[in-house]
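For reference, the structure discussed in these notes is given below.
The values are calculated or read from the model by the stated rules, or taken from the named source; none is laboratory data. The structure displayed is predicted, hence computed values, not measured ones. Methodologically, a virtual Cβ is constructed for each residue, glycine included, from the backbone with ideal geometry; neighbour enumeration extends over all protein chains shown. Accessible surface areas use protein heavy atoms only, side chains included; no ligands, DNA or RNA. Shrake-Rupley method; radii C 1.70, N 1.55, O 1.52, S 1.80 Å.
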Amino acid sequence: MQKGVNMLRGLAGHGGRYVRGGLLALAGAAGLLLAACGSSDNNANKVNPNPNPNAKPANIGAVTITTYDGNTDDLLTAGLGKDGLGSATAPVPLNPAAPTAAELRRYAIYTNYRALVDITAGGGYGSLYGPNVDAQGNVTSGQGKVAGREYLAFSDDGSGQQNVTMLVQIPDSFNVAKPCLITATSSGSRGVYGAISTGEWALKRGCAVAYTDKGTGAAPHDLDTDTVPLIDGTRANRTAAGTSAQFAAPFPNTSLAAFNALAPHRLAFKHAHSQRNPEKDWGTFTLQAAEFAIWAINDRFGTVASDGTRQRSFGPDKIVVIASSVSNGGGAAIAAAEQDTQGLIDGVAVGEPNLNLPANTGVIVTRGGVPVVSQSGLVLYDYTTTANLMQLCTSQATALVNAPGVALYSLPGVGLVQPALNRCQSLANAGLVSGSDGASRAADALQKLHDAGWESDSDALHPSLALFEVASAVSVTFANALARAAVADRLCGYSFAATGTAVLTPVAIAPATLNVLYSTGNGVPPAAGVQLINDNNPGGPLRDLYSSSPGTNLADANLDGARCLRALLTGTGTQARALKAGLAQTLRSGDLHGKPAIIVHGRSDALLPVNHTSRPYLGYNRLKEGRASNLSYMEVTNGQHFDSFIGAVAGYDNRYIPLHVYLNRALDAVYANLTTGTALPPSQVVRTIARGGTLSPAPIILPTNLPPFAATPANADRITVIGSTVEVPN
């Protein structure tokens, strides 16, 4: 009999969850057969009034449950609907200096949704994606509001210091006959609603969503006033908040008062300053979010026992669970799937994931038969600190004169042409680029990025990313996080603060700005009124982008700081050793345990270049899993990292397509595989058609711009793995 039960268990380990419905029924029959064989327990005939209680996970604290009617407020749009999310008029709280939790939630959903997708009609919002587009892709006349319940709680390790925010959304349309759940871990360093646009896919299909901020979060600890964010975004005094604080900065080697006297008006952010290296636990937090969601589903729909308690009627064996999200959230989903040895996660569908691979995996990546770079698969901190050195200088390259954002360098109030030229000069003086003038040095800086693994498809993106300080923000945040640096360390001379408008020096942040940062912030400044500060500027602390380097005395946007950040990877000092130890805790294993998975990545991505992330991960997964691998990689031409820039920065709409559409299609494909056994599309290059046009706005995007995944791609489009070589066609 045991052999028969084992056989059933083995069979149930293959195919889709709903495909396995018959097998699960057989397993239930086997259970009845075991019961019929009798029991030596003298109490076997007694009825247990509470046979399988729905026990809340031990790591989950107090839970707040809120019901939304789908009219005045809802899960997906916070009552704003499709038109409200698309409106340029933000739902600012009535009193921004004293917002309510409900107002902060609405504002956070609005901001985070718009931060992740292009909300212009010409770019596809409302026609190809958006709340009014149903699960089958049909455009409806509705606003896409979704009634249901939210479960909100902290996950903690017992210290009262971790406090990772967990949120579960269960729509009223949840299908108990075909229960499903996706994880939507926050993108970037955002708060718990930082992947709301991913959750949209699930809510439209009657699936639940498990969100987590993964130990990051948008709202800071204001060191001037010693106020901290609570779980709902409202703020309190640090002492009064106690263990209810979402984040309070540690001060291990000094006091807050001493730090404020030395560096007033500073802000501490959880990702950078928690001293917990949260990235090492992103997979764990994603799994915890899924476990919390399963508890919540049973709290909502579990059978009620005779003693009135909810039962665990829905376990992982009955719920289709897909790990999803984008960027850092996508990397967290991959990490969770790798760590999942208990069968909690069934499949994976992610976009542009942050994936740190071990050194010397042996994977070689070629494009058109030519190796793309001497070493692919570098970690994020490695290639980002290179971008932080070079990107600003590239803006002055003749080849990029028409790139998006370049024209903004000359605008009054921006004035970045001279700092960019100074950066080129300082790089040349340091022997990091060559050339006799700004243009030739900029051309060499661009070549340095090619040599470091960026595709030429990314060239036009470098000036705008430098303008928005993307690489510097990521470099500073991850340097602090990986090295477990305290805010008082001011690692490499960096800090965060609001600045004055005329003189870009730190000032006390306005309450109306601070108190809505839960909603408006991205957790990795500069953003929402908070700037990156160069505390080593020769004339005193100054906004980093306009500051000078002590070593050059040039206003070169702080090349010295960028070199210091780079040296934390290449050096051997105490902080460098700490950073490298932190990096070692974030590496992926490559083993997805045969789970059906799709990775979607834009070929033009300049933040997480494909040669260091998804391409080598495909090869690494194949080396680890061999024929058991069930991973497909979709490389999308004209796709880049920031869909929200398409409608916001002139020149993006002409060149780039919404990658969000392909994440939705990846989720469709993985869900179909799990529920009907439909084969995943094989790895391929998806050749999109840019909207074109000479100037923004570009022509309206059409379905023909976004071809589907091919079930049988042409040989010229097929991505293959042969041995340890990933072969990508041109």
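Let me confirm something: among Thr477, Thr505, Thr501, which residue is within 32 Å of the chain's Cα centre (by Cα), open to solvent by 50 Å² or more (accessible area, probe 1.4 Å) and of a type in the set (Val, Ile, Thr)?
Working: Thr477 fails: open to solvent by 50 Å² or more (accessible area, probe 1.4 Å); Thr505 fails: open to solvent by 50 Å² or more (accessible area, probe 1.4 Å).
Residue meeting the stated conditions: Thr501.
Every residue, every condition in (1) assigned to a loop (DSSP other than H, G, I, E, B); (2) in contact (Cβ under 8 Å) with a residue 24 or more places away in the chain; (3) out of contact with any helix residue (DSSP H, G or I) (no Cβ under 6 Å at 6 or more places or on another chain), yes or no:
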| site | (1), (2), (3) |
| --- | --- |
| Ala88 | yes, no, yes |
| Ala97 | yes, yes, no |
| Tyr107 | no, yes, no |
| Asn112 | no, yes, no |
| Asp118 | yes, yes, no |
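Considering each of Ala218, Ala184 in turn, give the residue that is within 19 Å of the chain's Cα centre (by Cα) and over 19 Å from Val321 (Cβ atoms). Give the derivation first.
On the way: Ala184 fails: over 19 Å from Val321 (Cβ atoms).
Exactly one of Ala218, Ala184 is within 19 Å of the chain's Cα centre (by Cα) and over 19 Å from Val321 (Cβ atoms), namely Ala218.
Please enumerate the residues belonging to segment 337-382 that are touching a strand residue (DSSP E or B) at 6+ places or on another chain (Cβ under 9 Å), open to solvent by less than 50 Å² (accessible area, probe 1.4 Å) and under 26 Å from Leu569 (Cα atoms).
Glu352, Pro353, Leu355, Val363, Val365, Val372, Val373, Ser376, Gly377
Given the conditions (1) crowded, with 24+ Cβ neighbours inside 10 Å; (2) of a type in the set (Gly, Ala, Ser); (3) within 20 Å of the chain's Cα centre (by Cα); (4) in a helix (DSSP H, G or I), report the number of the one that Ser604 does not fulfil.
(4)
Could you tell me which numbered condition Arg563 fails, if it satisfies all but one of (1) open to solvent by 30 Å² or more (accessible area, probe 1.4 Å); (2) touching a helix residue (DSSP H, G or I) at 6+ places or on another chain (Cβ under 6 Å)?
Among (1) open to solvent by 30 Å² or more (accessible area, probe 1.4 Å); (2) touching a helix residue (DSSP H, G or I) at 6+ places or on another chain (Cβ under 6 Å), Arg563 violates only (2).
Val209: in contact with a helix residue (DSSP H, G or I) (Cβ under 7 Å, 6 or more places away or on another chain), crowded, with 24+ Cβ neighbours inside 10 Å and within 30 Å of Val176 (Cβ to Cβ), yes or no? Break it down into steps so the answer makes sense when it comes.
Working: in contact with a helix residue (DSSP H, G or I) (Cβ under 7 Å, 6 or more places away or on another chain): yes; crowded, with 24+ Cβ neighbours inside 10 Å: yes; within 30 Å of Val176 (Cβ to Cβ): yes.
Yes, satisfied.
What pairs come out if I take residues in segment 319-344 that are in a helix (DSSP H, G or I) and pair them with residues that are charged (D, E, K, R) and open to solvent by 10 Å² or more (accessible area, probe 1.4 Å) whose C-beta lies under 7 Å away, six or more apart or interchain?
Gly330/Glu352; Ile334/Arg588; Ala335/Arg588; Ala337/Lys595; Glu338/Arg588; Glu338/Asp591
So which residues in segment 164-197 are of a type in the set (Val, Ile, Thr) and surrounded by 24 or more Cβ atoms within 10 Å (Cβ to Cβ), if there are any at all?
Val164, Thr165, Val168, Ile170, Ile182, Thr183, Thr185, Val192, Ile196
Inside segment 270-304, can you point out the residues that are open to solvent by 30 Å² or more (accessible area, probe 1.4 Å) and within 24 Å of the chain's Cα centre (by Cα)?
Gln275, Arg276, Lys280, Asp281, Thr284, Gln288, Glu291
Can you report the number of residues in segment 465-507 which are at negative phi and assigned to a helix (DSSP H, G or I)?
Pass one, segment 465-507, residues at negative phi: 465-468, 470-483, 485-489, 491, 494-507.
Retained after the next criterion (residues that are assigned to a helix (DSSP H, G or I)): 465-467, 470-483, 487-489, 491.
Residues in segment 465-507 being at negative phi and assigned to a helix (DSSP H, G or I): 21 in total.
Take the residues in segment 128-146 that are aliphatic (A, V, I, L, M) and either more than 16 Å from Gly86 (Cα to Cα) or in a strand (DSSP E or B) (or both), then tell me which one is most open to solvent (accessible area, probe 1.4 Å). Steps first, please.
Residues of segment 128-146 aliphatic (A, V, I, L, M): 128, 133, 135, 139, 146.
Now narrow it down to the ones that are either more than 16 Å from Gly86 (Cα to Cα) or in a strand (DSSP E or B) (or both): 133, 135, 139, 146.
Values: Val133: 5, Ala135: 26, Val139: 87, Val146: 18 Å².
In this case the residue turns out to be Val139.
Picking from Ala428, Ala407, Ala399, which residue would you name as being surrounded by fewer than 20 Cβ atoms within 10 Å (Cβ to Cβ) and over 24 Å from Leu504 (Cα atoms)?
When all the criteria are applied, what remains is Ala399.
Which numbered condition trips up Arg423, out of (1) among the basic types (Lys, Arg); (2) over 29 Å from the mean Cα position of the chain (by Cα); (3) under 17 Å from Asp459 (Cβ atoms)?
For Arg423, the failing item is (3).
For segment 508-526, give me the residue count where each residue is assigned to a loop (DSSP other than H, G, I, E, B) and within 28 Å of the chain's Cα centre (by Cα). Spell out how you get there, then give the answer.
To start, the set of residues in segment 508-526 that are assigned to a loop (DSSP other than H, G, I, E, B) comprises 508-510, 515-516, 521-526.
Keeping just the survivors that are within 28 Å of the chain's Cα centre (by Cα) gives 509, 515-516, 521-526.
Qualifying residue count, segment 508-526: 9.
Could you check, for segment 54-67, whether at least one of its residues is open to solvent by 40 Å² or more (accessible area, probe 1.4 Å), over 22 Å from Ile170 (Cβ atoms) and not acidic (Asp, Glu)? Working first, answer last.
We begin by selecting, within segment 54-67, every residue open to solvent by 40 Å² or more (accessible area, probe 1.4 Å); these are 55-56, 58, 62-67.
This time we only want the ones that are over 22 Å from Ile170 (Cβ atoms), so: none.
No.
Restricted to segment 305-336, and to residues that are among the polar types (S, T, N, Q) and buried (at least 22 other Cβ atoms within 10 Å of the Cβ), which residue is nearest to Gly594 (Cα to Cα)? So that I can check it myself, show each step before the final result.
Of all residues in segment 305-336, those among the polar types (S, T, N, Q) come to 306, 309, 311, 313, 324-325, 327-328.
Next cut, buried (at least 22 other Cβ atoms within 10 Å of the Cβ) only: 324-325, 327-328.
Working: Ser324: 16, Ser325: 19, Ser327: 22, Asn328: 22 Å.
Among residues in segment 305-336 that are among the polar types (S, T, N, Q) and buried (at least 22 other Cβ atoms within 10 Å of the Cβ), the one nearest to Gly594 (Cα to Cα) is Ser324.
Taking the options Ala502, Ala483, Ala510, Ala488, name whichever one is aliphatic (A, V, I, L, M) and modelled with pLDDT under 95.
Ala502
A quick yes/no check of all residues on (1) among the acidic types (Asp, Glu); (2) more than 26 Å from Asn328 (Cα to Cα); (3) touching a helix residue (DSSP H, G or I) at 6+ places or on another chain (Cβ under 8 Å):
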| site | (1), (2), (3) |
| --- | --- |
| Asp643 | yes, no, yes |
| Leu659 | no, no, yes |
| Val670 | no, no, no |
| Pro682 | no, no, no |
| Val685 | no, no, no |
| Thr688 | no, no, yes |
| Ser696 | no, yes, yes |
| Thr725 | no, no, yes |
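Please go through segment 614-633 and pick out each residue that is open to solvent by 20 Å² or more (accessible area, probe 1.4 Å) and over 22 Å from the mean Cα position of the chain (by Cα).
Of the residues in segment 614-633, the ones open to solvent by 20 Å² or more (accessible area, probe 1.4 Å) are 620, 622-630.
Answer for segment 614-633, where residues must be open to solvent by 20 Å² or more (accessible area, probe 1.4 Å) and over 22 Å from the mean Cα position of the chain (by Cα): Arg622, Leu623, Lys624, Glu625, Gly626, Arg627, Ala628, Ser629, Asn630.
What number of residues in segment 673-691 are aliphatic (A, V, I, L, M) and either open to solvent by 30 Å² or more (accessible area, probe 1.4 Å) or closer than 26 Å to Thr120 by Cβ (or both)? Please lay out each step first, then the result.
To start, the set of residues in segment 673-691 that are aliphatic (A, V, I, L, M) comprises 674, 679-680, 685-686, 689-690.
From the residues that got through so far, the ones that are either open to solvent by 30 Å² or more (accessible area, probe 1.4 Å) or closer than 26 Å to Thr120 by Cβ (or both) too are 679, 686, 689-690.
Counting residues in segment 673-691 that are aliphatic (A, V, I, L, M) and either open to solvent by 30 Å² or more (accessible area, probe 1.4 Å) or closer than 26 Å to Thr120 by Cβ (or both) gives 4.
All but one of (1) of a type in the set (A, V, I, L, M); (2) over 30 Å from Gly677 (Cβ atoms); (3) at pLDDT 95 or above hold for Ala335, so report the exception by its number.
Failing condition for Ala335: (2).
Out of (1) part of a strand (DSSP E or B); (2) open to solvent by 10 Å² or more (accessible area, probe 1.4 Å); (3) aliphatic (A, V, I, L, M); (4) in contact (Cβ under 8 Å) with a residue 12 or more places away in the chain, the odd one out for Leu267 is which?
The one condition Leu267 does not meet is (2).
Among the candidates Val649, Val670, single out the residue that is at pLDDT 95 or above, open to solvent by less than 20 Å² (accessible area, probe 1.4 Å) and in a helix (DSSP H, G or I). Show your work before the answer.
Values: Val649 fails: in a helix (DSSP H, G or I).
Val670 is the lone residue from the list that is at pLDDT 95 or above, open to solvent by less than 20 Å² (accessible area, probe 1.4 Å) and in a helix (DSSP H, G or I).
For the condition in a loop (DSSP other than H, G, I, E, B) and of a type outside the set (A, V, I, L, M), what is the one hit in Gly582, Gly561, Gly590? Walk me through how you get there before you give the answer.
On the way: Gly582 fails: in a loop (DSSP other than H, G, I, E, B); Gly561 fails: in a loop (DSSP other than H, G, I, E, B).
Just one listed residue meets the conditions, Gly590.
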